[in-house]
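Notes to accompany the following structure.
The values are calculated or read from the model by the stated rules, or taken from the named source; none is laboratory data. Since the structure is predicted, the reported quantities are computational estimates derived from the model, not experimental observations. SASA here: full protein model, heavy atoms, side chains in, ligands and nucleic acids out. Shrake-Rupley method; radii C 1.70, N 1.55, O 1.52, S 1.80 Å.
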Amino acid sequence: MPCGLPDSARELMWEKNAVPEMGKTQIVHSYLFHDESEAFVMPGLEEGAFDQSFDEIELLGFPLCNPFDLLEADVSDCIVSKDLKVYEPQCTVAWLLCPQNRYAPNKAS
């Protein structure tokens, strides 16, 4: 961790929530006995394989990676739409990615 900077966004959020809010007045009482303040040690925060994608979904509404990579099921050996004619009488399961179109008028129109 160079210059004391956090390694990941999770560590940055941990440090943000550990510090009292700025602007709030904190009341400090004098104590009869000296009390050692606790030194909190940040736990090891490991970032998983899909954490970045789930953060993108939370912020943007969609992942920047292939959304089929986020599925638990392996879809790499599935048939593609151009081959569906061959499997016509059989029952098949479809994995779809539906793009969403939104009309957003601008102020000029």
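For the range 57-98, what's the radius of gyration and Dmax over Cα atoms, in angstrom?
That works out to 13.5, 42 Å for Rg and Dmax.
Using a cut-off of 20 Å between alpha-carbon atoms, which aspartates and glutamates can reach Lys82, once sequence neighbours fewer than 8 places away in the same chain are excluded?
Partners within reach: Asp74.
Show Tyr103, Tyr31, Tyr87 ordered by accessible area, largest first, where the area counts protein heavy atoms only and the probe is 1.4 Å. Numbers along the way, then the final one.
Details: Tyr103 185, Tyr31 165, Tyr87 85 Å².
Per-residue accessible area, sorted high to low, gives Tyr103, Tyr31, Tyr87.
Explain nothing, just compute: Karplus ³J(HN,Hα) = 6.51 cos²θ - 1.76 cosθ + 1.60, θ = phi - 60°, for every residue of the range 47-62 in order, whole Hz, x for Gly and Pro.
After applying 6.51 cos²θ - 1.76 cosθ + 1.60, I find 9, x, 5, 10, 4, 4, 5, 5, 5, 5, 5, 5, 7, 9, x, 7 Hz.
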